[in-house]
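Working notes, beginning with the structure itself.
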Amino acid sequence: MGAKVSLIILFTLLIASCSAKSKQYTPCKSLVLFFHDIIYNGNNAGNATSAIVAAPEGGNLTKLAGQFHFGNIVVFDDPITLDNNLHSKPVGRAQGFYIYDTKNTYTAWLGFTFVLNTTDHQGTITFAGADPIMQKTRDISVTGGTGDFFMHRGIATIMTDAFEGEVYFRLRVDIKFYDCWSY
């Protein structure tokens with residue numbers, strides 16, 4: 001009889017713990033930044049901040065490929081600002097690459113780092129993940145950082161804030177850190 005009661009209590013506790021509402025996490029730090037990408041198109045070398053470095057066979061490196069840009073690899077060194085104005089004072093650089101990786105819709109895989117060097121923020125924040133470009137907002141992983149962002153991890157919600165054809169786009173990056181280390 002005692003074993004049955006213990007088993008019933010254990011089973012009840014197990015069900016109660018499984019049905020409990022999941023914990024809502026609060027960010028330990030957050031930051032909103034904008035980065036501005038100007039792709040080299042053969043005529044804008046002085047202003048370009050990114051370039052196509054690989055294209056499908058027969059493709060050219062000054063124009064994105066057809067078929068949703070599939071196969072293009074672009075590297076960038078873009079200015080980061082605190083607001084959506086390209087001409088605002090940069091607070092750092094976004095450096096990395098994106099790969100157009102799907103034939104039937106606009107999507108890319110991103111790998112990049114924000115290199116920040118201001119009186120407010122010193123260090124880097126590293127990002128990686130899929131970017132289904134046609135969605136209004138997309139989440140990518142914050143995988144780490146250095147300096148003020150040492151070992152920070154979290155989620156960055158990105159949104160295409162503006163674009164001008166296939167030459168310029170601006171991303172709003174809303175960063176929420178859920179794992180913040182200090183040293």
Max mean-square fluctuation residue, GNM over the chain, Cα-Cα springs under 10 Å, options Gln95, Gln135, Gln24: Gln24
Kirkwood Rh (inverse of mean 1/r, distinct Cα pairs), the stretch 36-183, angstrom: 15.9
Cα lying deepest toward the dipole's positive end in the chain, options Thr119, Gly58, Ile38, charges on Cβ: Thr119
Cα-based helix-to-principal-axis angle, 2-19 vs the chain, degrees rounded to 10: 20
Spacing of the two label points (7 Å from each Cα toward its C-beta) at Trp181 and Phe150, in nm: 0.8
Inter-part distance where the stretch 37-74 and the stretch 156-183 are each reduced to a Cα centre, Å: 21
Stretch gain in nm, segment Gln135-Tyr25, where the contour uses 0.36 nm per residue and the Cα spacing is subtracted: 37.2 nm
Cβ-based charge dipole, the chain, positive-most Cα from Gly165, Tyr100, Phe149: Phe149
Along the chain, longest interval not containing exposed trypsin sites (Lys or Arg not before Pro), exposed being DSSP loop plus at most 13 other Cβ atoms within 10 Å: 24-102
Theoretical ellipticity at 222 nm over the chain - DSSP helices of four or more residues, -39500 (n - 2.57) apiece, nearest 500: -3500 deg cm²/dmol
Label point at Thr118 placed 7 Å out along Cα→Cβ; residues across the stretch 138-152 whose backbone nitrogen lies under 18 Å: 146-150
At R0 = 30 Å, FRET efficiency that the Cβ-Cβ distance of Asn43 and Asp83 yields, to 0.05: 0.60
Loop-resident sites, the stretch 55-134, for chymotrypsin sites (Phe, Trp or Tyr not before Pro), counting at most 16 other Cβ within 10 Å (DSSP): Tyr106
Other-chain or far-sequence residues with amide H under 5 Å of Val91's (modelled H): Ile80, Thr81, Leu82
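Each reported figure results from applying straightforward, stated rules to the coordinates on display, with no laboratory input. Nothing here was measured: the structure is a model prediction, and the numbers come from that model. So basically every Cβ, Gly included, is an ideal-geometry build from the backbone, and we count neighbours across all protein chains shown.
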